[in-house]
1. Out of Ile115, Ile356, Ile138, any idea which swings most in a Gaussian network model of the chain, alpha carbons joined below 10 Å?
2. Helix check for the chain. Which DSSP H runs span at least 30 Å along their own axis by Cα, with a mean Kyte-Doolittle hydropathy no less than 0.5?
3. When the Kirkwood radius is taken over all Cα pairs of region 202-288, what Stokes-Einstein diffusion coefficient follows at 4 °C and 1.567 mPa s, in µm²/s?
4. Listed here are the pairs Lys141/Lys349; Lys141/Lys173; Lys55/Lys329; which of them are more than 24 Å apart at the Cα?
5. List the longest stretch of the chain that has no exposed loop site; here a site is one of the chymotrypsin sites (Phe, Trp or Tyr not before Pro) assigned by DSSP to anything other than H, G, I, E or B, with at most 12 other Cβ within 10 Å.
6. Could you give the C-alpha radius of gyration of region 177-248 expressed as a fraction of 2.2 N^0.38 Å, taking N as the number of residues it contains?
7. May I ask you to compute the full-extension gain from Lys260 to Val70, defined as 0.36 nm times their residue separation minus their alpha-carbon distance, rounded to one decimal in nm?
8. Quick one: what do you get for the chain if you divide its Cα Rg by 2.2 N^0.38 Å?
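Laboratory data are not the source of any read-out in this text; all were calculated from the coordinates shown. These figures come from a predicted structure and were not determined experimentally. Reconstructed Cβ throughout: ideal geometry from the backbone, glycine too, with neighbour counts over all protein chains shown.
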Amino acid sequence: MNPLYVVLFAIILFWVLLGELNRRYNLSKYGIDFQGIILLWRTKRFNDFIDSMSKKGKKFWAAYSTLGIVAAVVGMILVFYFLFSNALKVVISPKPSPGLGFVIPGITVPFWYSIIGLVVVIIVHEASHGIIARANNISLKSVGLALFVAIPGAFVEPDEEELKKTSRLVRMKVYAAGSMANFVTAFVAFLLIVGLVNPLLTPSGIQIVSVEDTSNAYGFLSQGDIITEINGMKIETLQDFYDLMENTKPGDTLSIITDKGSFNVLLKDHPTELDKGYIGIVTSQNYSSPINMKLLTPINGALFWIFLLNFNIGLINLFPLPFLFDGGKIFKEIIDIKFSEANSTAIQKIFAVIGILLFAINMLPSLL
């Protein structure tokens, strides 16, 4: 059976059983709330932790949240420019660059790595909102855990009335805090990859990811083989391999040494480049390390997806789409300074239409 069907069946069964439990025992008395396909567990158990964090280093949180506003404005401009320019490419170019994709663990992205990345994204994002709110003496109604279909997360609910009564600057600090935390987390993950993981990795050949069944390499080379030498030249990196293949022609024979043995492969005509040899394999970089790769590989994978998801989701969250993203809330505060309430509302509605249109166009490549 297709693993995807098993996962979908398990998710559906979980929600059916949970719905039955709610019908019988009224789970709302335990702080559990159903909102369509979102499950919320509200509690005040984490409030003390957030209070404690907000009281440590008041000057730090003030500088952090102020810098968050700057990062948010820059992020708003960048993400709007990216979505607008890419939407033009989708509409005009016959081969547009990829736009927005769907993050579906196990389907569009690696399951465990993306789950870890998404959990980190949501926890640091919401905790940062809560800490900056409390650092500015705004009460929290509740803190809790969430489940969106099968993706776990967290949330913080500041007191909306207190938030409205505070200054515009404080509101912007609270709104910007989430993406600021995502950017800081992405930066820390990047530093760990570059400063800790990468120095432990030594390029040691290239690994075969797949072999075309119509190529002359088929039947000799196999998925998972590690190529270490070709025609007497050591192949340690992908660039070594690319440089060698650049100087080949159809009809050349490559003497290839792998971890499984030695093989001779006759090159065919390249499908797109005239007078260039073609071996018909897809490769990736292989590494060795003083630390067991079975331990280092998942650490590196988790850090990479923590970096990637925190940066991208933090940036998308700053898109000035009113009524939905934090960027929209910050955008509202900014235009409210210069425009009347009626004009501000009209501008927000215009940006809402533009935003939805841009998102729709950017998602077309993923849907087609």
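1. Ile356
2. Working: long enough: 3-25 (33 Å, 1.32); 58-92 (50 Å, 1.55); 111-135 (36 Å, 1.47); 168-192 (36 Å, 1.19); 293-316 (33 Å, 1.44); 341-367 (38 Å, 1.27).
Qualifying helices, which must be both long enough and hydrophobic enough, are 3-25, 58-92, 111-135, 168-192, 293-316, 341-367.
3. Numbers: Rh = 12.8 Å.
In µm²/s, the coefficient is 102.
4. Details: Lys141/Lys349 29 Å; Lys141/Lys173 18 Å; Lys55/Lys329 26 Å.
Long pairs (Cα-Cα over 24 Å): Lys141/Lys349; Lys55/Lys329.
5. 103-322
6. Values: Rg = 18.5 Å, N = 72, 2.2 N^0.38 = 11.2 Å.
Dividing the Cα radius of gyration by 2.2 N^0.38 Å gives 1.66.
7. Result: 62.9 nm gained on full extension.
8. Values: Rg = 26.0 Å, N = 368, 2.2 N^0.38 = 20.8 Å.
Cα Rg divided by the expected 2.2 N^0.38 Å: 1.25.
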